[in-house]
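*Asks:* Here it is, the structure, as structure tokens.
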Amino acid sequence: MQDLTISKRTTQVLGELSSNVVFKMWNLKKFGSCGSPDLHFKKFCAKMILKFPSSELVFISLKYVQRYIKHGNNTNITNEYQLFVIALMLANKWHHDEVYSTKFWSEITNISRVDIDAMEISFLKSIDFKMHITKAKYAFWLNCLKKFNLTGKYEYLFAKKIKTATSQEILPKQGFNYDARIIQPPVGFERNIVASHYSKEYKLFE
């Protein structure tokens, strides 16, 4: 996979896309509903991407988020900020020559090193340490992201094929431990979740 350095303008576009992808998948998994990210989370995603100006790393991190949403039963990650940080960190570790320390990630996110380590291990266990992405799956994922960005239909983030026939509603199963210790989002990026009704059927990736 070729590393693609991106401009500052493209960083903003990817920040918008990433915030929408992560927020919608997180809310569907945790609450069975879908809403839109607030300005704070959009700025946070753009800020993180600006630190790592590679479109490929962003797309890979979003694929990791998708895998986590399907399989995750994480007792440490408690909000979309942490989810994006850990996914981006793992994408950097697995697919980039220049790897940054936990201390660096802690400094740019205001999340403690202890919490980052705990969330990283928990994330990896949740996806069964499956970090490899084949060329075919990567190409398919890019196509899904493109369709989502063009249409706004979040089914593209989950579906193998979009069904047009009306069928019985299927809500995502809750897979999170609500009694887990809460790790707060980065300082300055608190937000209120506004969930809207989820009424579309989807099937998760293999």
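The values are calculated or read from the model by the stated rules, or taken from the named source; none is laboratory data. Just so we're clear, the structure is a prediction, and the values are computed from it rather than from any experiment. Glycine gets a Cβ as well: all are built from the backbone with ideal geometry, and neighbour counts include every protein chain shown. Accessible surface areas use protein heavy atoms only, side chains included; no ligands, DNA or RNA. Shrake-Rupley method; radii C 1.70, N 1.55, O 1.52, S 1.80 Å.
*Asks:* Can you tell me which residue among 68, 64, 100 is without any contact (Cβ under 8 Å) to a residue 60 or more places away in the chain and surrounded by 20 or more Cβ atoms within 10 Å (Cβ to Cβ)?
*Replies:* Details: 64 fails: without any contact (Cβ under 8 Å) to a residue 60 or more places away in the chain; 100 fails: surrounded by 20 or more Cβ atoms within 10 Å (Cβ to Cβ).
Testing whether each residue is without any contact (Cβ under 8 Å) to a residue 60 or more places away in the chain and surrounded by 20 or more Cβ atoms within 10 Å (Cβ to Cβ) leaves just 68.
*Asks:* Okay, next question. What residue, of 92, 110, 177, is open to solvent by 60 Å² or more (accessible area, probe 1.4 Å), at pLDDT 85 or above and of a type in the set (S, T, N, Q)?
*Replies:* Result: 110 is the single residue among 92, 110, 177 that is open to solvent by 60 Å² or more (accessible area, probe 1.4 Å), at pLDDT 85 or above and of a type in the set (S, T, N, Q).
*Asks:* Residue check, residue 115 against (1) over 20 Å from residue 56 (Cα atoms); (2) loosely packed, with under 14 Cβ neighbours inside 10 Å; (3) at pLDDT 90 or above, all met but one. Which one?
*Replies:* (2)
*Asks:* List every residue pair whose Cβ atoms sit under 6 Å apart, with the two residues 6 or more apart in sequence or on different chains, where the first one lies in the stretch 123-140 and is within 16 Å of residue 61 (Cβ to Cβ) and the second, anywhere, is among the aliphatic types (A, V, I, L, M) and open to solvent by less than 20 Å² (accessible area, probe 1.4 Å).
*Replies:* Within 6 Å, the pairs are 123/86.
*Asks:* Continuing with the same structure: In the stretch 36-142, which helices (runs of 4 or more DSSP H) lie fully inside it and hold 3 or more residues that are under 13 Å from the mean Cα position of the chain (by Cα) and among the aliphatic types (A, V, I, L, M)? Working first, answer last.
*Replies:* Values: elements: 39-51, 55-71, 80-95, 102-109, 113-126.
The qualifying helices (runs of 4 or more DSSP H) are 55-71, 80-95.
*Asks:* Out of 151, 134, which single residue is under 27 Å from residue 34 (Cα atoms), open to solvent by 50 Å² or more (accessible area, probe 1.4 Å) and not acidic (Asp, Glu)? Steps first, please.
*Replies:* Values: 134 fails: under 27 Å from residue 34 (Cα atoms).
After ruling out the rest, the residue left standing is 151.
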